[in-house]
2 protein chains.
Amino acid sequence: MLGDALTGFWKAGASIRRLEVRARHKISAASLSPKWQPYIYVRMASLTEFRLDETFAVLNRTPTTLNVLLRGLPDIWVHRNEGEDTWNAFDIVGHLIFGERTDWVPRVRIILESGEGRAFDPFDRFAQAKENNGTSLEQLLDDFARLRRENLAALKTLNLQPQDLQRRGKHPALGVVTLSELLATWAVHDLTHVHQLSRVMAHQYRDAVGPWSTYLGVLRCAGHSAP
Amino acid sequence: MLGDALTGFWKAGASIRRLEVRARHKISAASLSPKWQPYIYVRMASLTEFRLDETFAVLNRTPTTLNVLLRGLPDIWVHRNEGEDTWNAFDIVGHLIFGERTDWVPRVRIILESGEGRAFDPFDRFAQAKENNGTSLEQLLDDFARLRRENLAALKTLNLQPQDLQRRGKHPALGVVTLSELLATWAVHDLTHVHQLSRVMAHQYRDAVGPWSTYLGVLRCAGHSAP
């Protein structure tokens with residue numbers, strides 16, 4: 001019966017977090033059908049935090065967010081960085097584009113096709129420096145929006161099921177990872193770069209704010225983002 | 001002659017940074033008319049970083065940025081915070097609204113009307129908790145956009161001149177501040193809360209990303225933002 005109750009949760013958009021509630025009520029995992037047992041046993045912490053439609057909601061919004069934040073901004077906000085070997089807005093959008101081309105969906109396919117049998121190709125975090133010479137920021141924003149749209153459409157055609165999300169792949173440095181972790185990371189990677197961008201922009205006014213710098217946490221962010 | 005050359009710089013949108021160029025070329029301040037001398041002497045670091053149209057460009061974009069990032073997002077991204085006594089998206093937008101109502105433009109007016117003779121009213125950073133009970137996030141986003149639009153329009157009618165930007169006011173805790181510092185802080189305050197919001201959102205997936213958390217700097221941000 002519990003198995004039946006769970007069957008519909010994915011399409012209905014109910015949260016995997018419900019499993020956590022059931023776990024708290026001490027429903028034994030053995031009372032679930034074998035199909036559902038992995039969702040109790042494997043990586044409980046991850047499962048309680050991951051839901052595909054929530055991930056899509058972030059991934060969908062990032063290109064528009066960057067577009068309204070950056071398009072048409074004066075040079076000070078888009079050409080300047082935080083000093084030598086740091087990134088400006090061009091580098092950040094270029095990096096996101098490179099991820100769309102070579103990282104996220106290609107890695108989803110590797111997991112689905114080869115599992116742990118084939119490690120992901122390493123991600124070149126500096127590729128955009130070679131690729132984006134002479135491109136306008138407006139062009140980069142357009143490219144990012146188009147590629148993200150195409151990638152999310154491609155992902156939807158895969159029609160991922162709950163059991164797919166626990167399929168495993170092999171990261172060249174981190175070892176075993178799951179498909180749900182890859183998709184969650186895609187969204188948080190967007191947020192890391194929004195976080196970085198707001199810091200890079202604020203940095204340009206670090207002196208202009210005078211004594212208020214004490215109150216402005218973004219000016220004390222130590223650039224911890226892996227770029 | 002140099003004085004003449006400088007006269008038009010403000011309306012033409014030329015950068016105060018040009019003064020820095022002139023300074024590097026060792027043009028003595030004495031060769032400037034008295035009207036322009038303060039721009040060499042006073043707070044050079046600030047002046048080189050501050051330009052009113054650049055500040056407006058950020059202030060103009062923040063409501064739209066938050067709108068496309070937040071409107072319609074699933075609950076996980078807008079209702080959750082980083083733990084006890086931390087803020088969620090409602091608190092952040094509510095705080096920005098309260099700033100529009102009581103802080104930025106009212107302080108501009110205090111500087112222009114009373115200078116250092118009257119300290120600013122302290123800013124209640126927790127007022128939104130009392131005010132926003134039961135309001136939808138969509139309503140808050142609409143309110144913020146409207147208030148920001150009205151405030152920027154009010155600021156434009158003041159027709160601030162370069163000399164106005166160096167007028168001084170008195171902050172209740174920080175002491176003497178200038179009008180340009182207040183306006184720069186308004187923009188960086190926006191960026192601090194975009195920075196905070198991306199961190200609060202990423203925090204909800206801190207477990208879901210699995211081993212990738214090592215690479216995601218936003219997850220290591222220590223919540224340094226003064227909220």
Item checked: With DNA, RNA and ligands ignored, accessible area of A:Y215 (1.4 Å probe; Å², nearest 10) -> 90 Å²
Check: Which whole-number percentage describes the relative contact order of the stretch B:83-227, with Cα contacts under 8 Å and a sequence gap of 6 or more?
Finding: 29 percent
Note to self: Inside 10 Å of the C-beta atoms of B:74-82, what's the mean count of C-beta atoms belonging to other chains?
What the structure shows: 3
Note to self: Full-extension gain between A:N81 and A:R125, please, as 0.36 nm times their residue separation minus the C-alpha to C-alpha distance.
What the structure shows: 14.2 nm
Next item on the list: Could you work out how far the C-alpha centroid of the stretch B:72-92 sits from that of the stretch A:140-163, in angstrom?
Entry: 26 Å
Next item on the list: Over the whole of B:149-156, what's the average partner chain Cβ count within 10 Å per residue? Rounded to a whole number, please.
Entry: 0
Notebook entry, point to check: Using a basic spin-label model with each label point 7 Å from the Cα along Cα→Cβ, how many nm lie between B:N159 and A:R146?
Noted result: 4.7 nm
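The values are calculated or read from the model by the stated rules, or taken from the named source; none is laboratory data. Just so it is clear, the structure is predicted and the values come from calculations on it, not from any experiment. Here Cβ is always computed from backbone atoms with ideal geometry, including for glycine, and neighbour counts include all displayed protein chains. Note: accessible area is taken over every heavy atom of the protein model, side chains too, but ligands, DNA and RNA are not part of it. Shrake-Rupley method; radii C 1.70, N 1.55, O 1.52, S 1.80 Å.
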